[in-house]
1. Quick one: go through the stretch 101-130 and flag any residue whose amide nitrogen is under 18 Å from the point 7 Å out along the Cα-to-Cβ line of residue 241.
2. List the aspartates and glutamates whose alpha-carbon lies under 18 Å from that of residue 240, not counting same-chain residues fewer than 8 positions away?
3. In the chain, with Lys and Arg counted as +1 and Asp and Glu as -1 at Cβ, which of these residues, 121, 49, 183, has the Cα nearest the positive end of the dipole, that is, farthest along it?
4. Sticking to Cα atoms, compute the Rg of the stretch 2-252 to one decimal and its Dmax as the biggest Cα-Cα distance, whole number, in Å.
5. Using mean Cβ contacts within 10 Å as the protection proxy, how do 118-128, 230-240 order, highest first?
6. Using Cα pairs closer than 8 Å and at least 6 residues apart in sequence, work out the relative contact order for the stretch 1-150, in percent.
7. Using just the helices of the chain, give the 222 nm mean residue ellipticity in deg cm²/dmol: DSSP H runs with n ≥ 4 each add -39,500 (n - 2.57), and the total is spread over all residues, rounded to 500.
8. Roughly what would the spin-label model give for residue 234 and residue 96, points 7 Å off Cα along C-beta, in nm?
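Laboratory data are not the source of any read-out in this text; all were calculated from the coordinates shown. Since the structure is predicted, the reported quantities are computational estimates derived from the model, not experimental observations. Positions of Cβ are backbone-derived with ideal geometry, glycine not excepted, and every protein chain shown enters the neighbour counts.
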Amino acid sequence: MIVLSVLATNAVVLVAMFCLLWLVTLQTRDVTPVDSVWGLGMVVLAGSSFLQTSGDSQRKLLLLGLCALWGVRLGAYLLWRWRSHGPDRRYVTMFARAKEKRGWGFATSSALLVYVLQAPLLFIVCLPVQLGPIDPTPGVGLVGMIGAGTAIIGIAFESIGDWQLVRFRSNPVNQGQVLATGLWRYTRHPNYFGDACTWWGLYLIAAESATGLWALPGPVLLTWTLMKWSGVPTIEGRLKRKKPGYEDYVRRTSGFLPWFPKAG
């Protein structure tokens, strides 16, 4: 069955990619580059699915193109951030706690707490670009075009949000301050909102085919992780401790969906 073949092949590709990265990071003692693979890895799976399937060419190209635009931009940005700022403190803290509480060394901690966890999450989130290219359902209809528009808005939103944050942090005057202008005036997490928009858009493109409809767990899981698990809760807990003005920013500003800030 083509669906199982595509997913099985992609799973092998993903495991091989993560094993290779794990071996590299054993030498560098820094797993931060895995964040870049979150985006770039999805592009690899989208390309693998494109090559394996014979579905509608318009849908296949649209899914691959938008996924590549999103993933390459995000991957390049995270690689730049890693090279500019060094290891991610979240991973440093995580490994220190694992060593203290469980006695795990870097190899065990990085394998179990990072790679074994992130690989299945990546695989599920990018289901739209794995399942969407399979069926020969002709053309991209209204739902697919709405999806493409939503994905483009999401990519633009995330890109602009990241650019505004980099500019803000590069100015020494803003040290310890809260970014509350630009897109950050309307949502506390424009990058996360853009991420969610992108993958809901890709799902709408895929969902015009019968097989693509089954990709729904992808955007659902991504949205849940961003809002309830590894996204908003992790970042906001740290910012509330570090920045005195952040509590007031939270009170005034929408947590996820962009909206006008509250008065006062």
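1. 101
2. 248
3. 183
4. Calculated on Cα positions, Rg and Dmax stand at 19.1, 57 Å.
5. Ranked by mean Cβ neighbours within 10 Å, highest first: 118-128, 230-240.
6. Computed value for the stretch 1-150: 39 percent relative contact order.
7. -22500 deg cm²/dmol
8. Rounded to a tenth, the inter-label distance reads 1.7 nm.
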